[in-house]
Amino acid sequence: MLGKLTDILKNEPFYVPNILFKNYRKLNITDSELIILIYLINADNTFNPKQIAKDLNFKLNETMDLINSLIEKNIIKIDIINKKVREEIINLDELYNKLAFIVIDGKEKKSNNLFDIFEKEFGRTLSPMDYEIISDWQKDFDDKLILLALKEAVFNNVTNLRYIDKIIRDWNKKGIKTEEDVINDKKKFESKKSNKKLFDYDWLNERDN
């Protein structure tokens, strides 16, 4: 099956929606059905099973079985636009609706998980104001940076959103994005502090003693 898909992509460049490629299993779509969908997304919407089978090097009965399976799964529809001569077109609206719900559901889960972590670390329920502040952070900063700042605050026994806000904004200015960046920044700070102590030391008085 992978070989067939590779041949198709070699013969003609196809657009493959990343969200579909990553989530087609969630929609109970088989590998063969995915190939059909990729073809339909890139072709005109005219329903021509013979042409589809020819272009994909599928047997006609195999192509019809795959299309019928996608219809049964409510992934695609066949719309009739001219009843007199029976013109049929492929309707992909249901596919895009399902993909949109996957995106929305993923964002909600991601957001809810972040709030849950804050409540767990704070040991209390977040207030409406807390929710608003954290939501505002998510508009400007990556969740990873927010969680790193939370971890830093908890390490310092501070469960205050203003404190965390200062950490996030300071780190953002410094370009800190990962835990490794945080560690390196701390090392630089400790090194500067050690050098300051070294130069502030009263060497003359020490020698007199």
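Selection over region 1-51 of residues that are modelled with pLDDT of 65 or more and assigned to a helix (DSSP H, G or I) gives a count of 25.
Condition check ((1) at pLDDT 90 or above; (2) touching a strand residue (DSSP E or B) at 6+ places or on another chain (Cβ under 8 Å); (3) under 30 Å from Phe21 (Cα atoms)) across all residues:
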{"position": "Asp79", "(1), (2), (3)": "yes, yes, yes"}
{"position": "Ile89", "(1), (2), (3)": "yes, yes, yes"}
{"position": "Asp93", "(1), (2), (3)": "yes, yes, yes"}
{"position": "Leu145", "(1), (2), (3)": "no, no, yes"}
{"position": "Leu148", "(1), (2), (3)": "no, no, no"}
{"position": "Glu152", "(1), (2), (3)": "no, no, no"}
{"position": "Tyr163", "(1), (2), (3)": "yes, no, no"}
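The residue that is farthest from Phe115 (Cα to Cα), counting only those in region 165-180 that are β-branched (Val, Ile, Thr) and modelled with pLDDT under 90, is Ile176. Applying the set (1) over 31 Å from the mean Cα position of the chain (by Cα); (2) on the phi > 0 side of the Ramachandran plot to Asp65 leaves exactly one unmet item: (2).
Yes/no matrix, rows are residues, columns are (1) at pLDDT below 90; (2) in a loop (DSSP other than H, G, I, E, B); (3) loosely packed, with under 11 Cβ neighbours inside 10 Å; (4) of a type outside the set (Lys, Arg):
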residue: Val85; (1), (2), (3), (4): yes, yes, yes, yes
residue: Asp105; (1), (2), (3), (4): yes, no, no, yes
residue: Lys110; (1), (2), (3), (4): yes, no, no, no
residue: Asn113; (1), (2), (3), (4): yes, no, no, yes
residue: Asp116; (1), (2), (3), (4): yes, no, no, yes
residue: Met129; (1), (2), (3), (4): yes, no, yes, yes
residue: Gln138; (1), (2), (3), (4): yes, no, no, yes
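Residue pairs whose Cβ atoms lie under 6 Å apart, separated by 6 or more positions or on different chains, with the first residue in region 153-177 and buried (at least 17 other Cβ atoms within 10 Å of the Cβ) and the second in a loop (DSSP other than H, G, I, E, B), are Ile168/Phe141.
The values are calculated or read from the model by the stated rules, or taken from the named source; none is laboratory data. Just so it is clear, the model here is predicted, and its values are computed rather than measured. Quick reminder, even Gly has a Cβ in these numbers, built from the backbone with ideal geometry, and neighbours come from all protein chains shown.
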